[in-house]
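In what follows, a single structure is set out as structure tokens and then discussed.
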Amino acid sequence: MTEAMTPEAATPETMTAASARRESPPSMIERMTLILDAFNGPTARLTLEDVARRTRLPRSTAHRILDQLVKQRWLAHHSFGYGLGQRALGLGGQDGGHGKIREAAAPLLHELQVTTGLVAHLAVLDGAEVLYLDKLGGRLATSVPSRVGGRAPAHCTALGKAMLAWLEPERVDALLGAGISRFTSRTIGELGTLHQELHRVRQRRGLAFERGESYPGIACVAAAIRGAEGPVAGISLVGDIRAPLENVAPLVVTAAREASQILFPGSAPGRRAGRAGVRTRRGAARTGEETTWSPETMNRLLAVDGRGDWM
């Protein structure tokens with residue numbers, strides 16, 4: 001029988017090695033779990049240095065494991081850091097093309113959030129609902145009742161209306177069915193009224209607003225990411241109902257337009273939607289949208305129904 005090591009036989013080297021074995025996670029699975037646990041929410045964005053500091057893993061070890069987690073879609077790597085990926089967010093390994101949309105929109109969402117301090121969303125239309133693919137919000141994120149992988153009725157969100165506006169009216173009716181529900185006193189509760197609002201969205205060149213329609217006290221401005229066949233996703237900024245969203249609306253439109261160009265280079269968005277009654281000015285840009293948004297332009301866009309009502 002081998003004799004146990006006595007205190008006299010212990011050396012500084014053996015004590016250091018024993019201490020390292022106790023402090024380091026003994027397996028790759030535990031190290032991967034340690035890294036995933038460092039992301040304390042679906043909106044968390046961490047750099048390599050952040051991960052190494054939070055996990056107390058060597059930088060080289062953290063980098064190697066991060067690369068593996070990105071390849072397996074547990075994490076996503078963007079220009080501004082790492083975030084949870086499709087698998088970790090519960091969206092499944094087969095994302096239906098959502099990964100490309102998230103990749104194209106990620107830096108744009110980051111810039112919107114940093115510039116405005118508001119909560120930035122990316123979502124797609126899934127039947128009569130919007131499915132949130134990403135959410136960046138800083139300190140305001142917890143005050144907005146949305147989550148990555150969560151859903152909301154399309155007809156009472158700016159994101160949903162921004163995308164529905166570029167569908168044929170018959171398609172909108174088929175998606176929403178015979179009736180739509182109210183969630184607050186400001187929710188649109190009739191299909192006819194919703195179609196009027198979608199017409200106003202098109203007149204505003206794609207800008208959709210909502211104030212307290214889905215949740216009291218929450219306001220939102222959104223625009224759709226579009227290809228030649230119609231809307232594929234939407235980008236929005238969300239804040240307190242008192243937030244002056246007309247000031248940040250041009251940023252949302254610009255971000256949606258840039259995402260469209262990244263996803264569909266050389267295409268002309270909205271050709272099919274144009275048959276739903278959307279006119280473009282002769283000599284205007286291919287998207288039919290102005291490249292600059294003066295205060296006068298915004299005032300005209302927000303008052304297209306004669307009352308400036310955002311519904």
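The values are calculated or read from the model by the stated rules, or taken from the named source; none is laboratory data. Just so it is clear, the model here is predicted, and its values are computed rather than measured. Every residue, glycine as well, gets a Cβ built from its backbone with ideal geometry; the counts of neighbours run over all protein chains shown. These area figures cover heavy atoms from the full protein model, side chains too; ligands, DNA and RNA do not enter into them. Shrake-Rupley method; radii C 1.70, N 1.55, O 1.52, S 1.80 Å.
Numerical summary
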quantity: Selected residue (only one of 32, 1 is modelled with pLDDT of 75 or more, open to solvent by 50 Å² or more (accessible area, probe 1.4 Å) and not aromatic (Phe, Trp, Tyr)); calculated: 32
quantity: Top-ranked residue in the stretch 164-179 [being at pLDDT 85 or above and outside any helix (DSSP H, G or I); ranked as farthest from residue 214 (Cα to Cα)]; calculated: 168
quantity: Single match in 85, 90 (criterion: open to solvent by 20 Å² or more (accessible area, probe 1.4 Å), within 16 Å of the chain's Cα centre (by Cα) and either under 26 Å from residue 147 (Cβ atoms) or modelled with pLDDT of 70 or more (or both)); calculated: 90
quantity: Some residue of the stretch 204-227 being within 18 Å of residue 124 (Cβ to Cβ), open to solvent by 10 Å² or more (accessible area, probe 1.4 Å), of a type in the set (Val, Ile, Thr) and in contact (Cβ under 8 Å) with a residue 40 or more places away in the chain; calculated: no
quantity: Residue list for the stretch 167-203, restricted to those being surrounded by 13 or more Cβ atoms within 10 Å (Cβ to Cβ) and among the acidic types (Asp, Glu); calculated: 168, 173, 197
quantity: Hits in the stretch 187-202 - residues which are closer than 21 Å to residue 230 by Cα and not aliphatic (A, V, I, L, M); calculated: 195, 196, 197, 199, 200, 202
quantity: Subset of the stretch 145-163 that is within 19 Å of residue 252 (Cβ to Cβ), in contact (Cβ under 8 Å) with a residue 60 or more places away in the chain and not in a loop (DSSP other than H, G, I, E, B) - its residue that is farthest from the chain's Cα centre (by Cα); calculated: 161
quantity: Selection within the stretch 228-237 - open to solvent by 10 Å² or more (accessible area, probe 1.4 Å) and either over 17 Å from residue 126 (Cβ atoms) or of a type in the set (Ser, Thr, Tyr) (or both); calculated: 228
quantity: Residue match in the stretch 116-132 (condition: part of a loop (DSSP other than H, G, I, E, B) and either modelled with pLDDT of 90 or more or closer than 23 Å to residue 245 by Cα (or both)); calculated: yes
quantity: Failed condition for residue 74, given (1) at pLDDT below 75; (2) open to solvent by 60 Å² or more (accessible area, probe 1.4 Å); (3) closer than 19 Å to residue 45 by Cβ; calculated: (1)
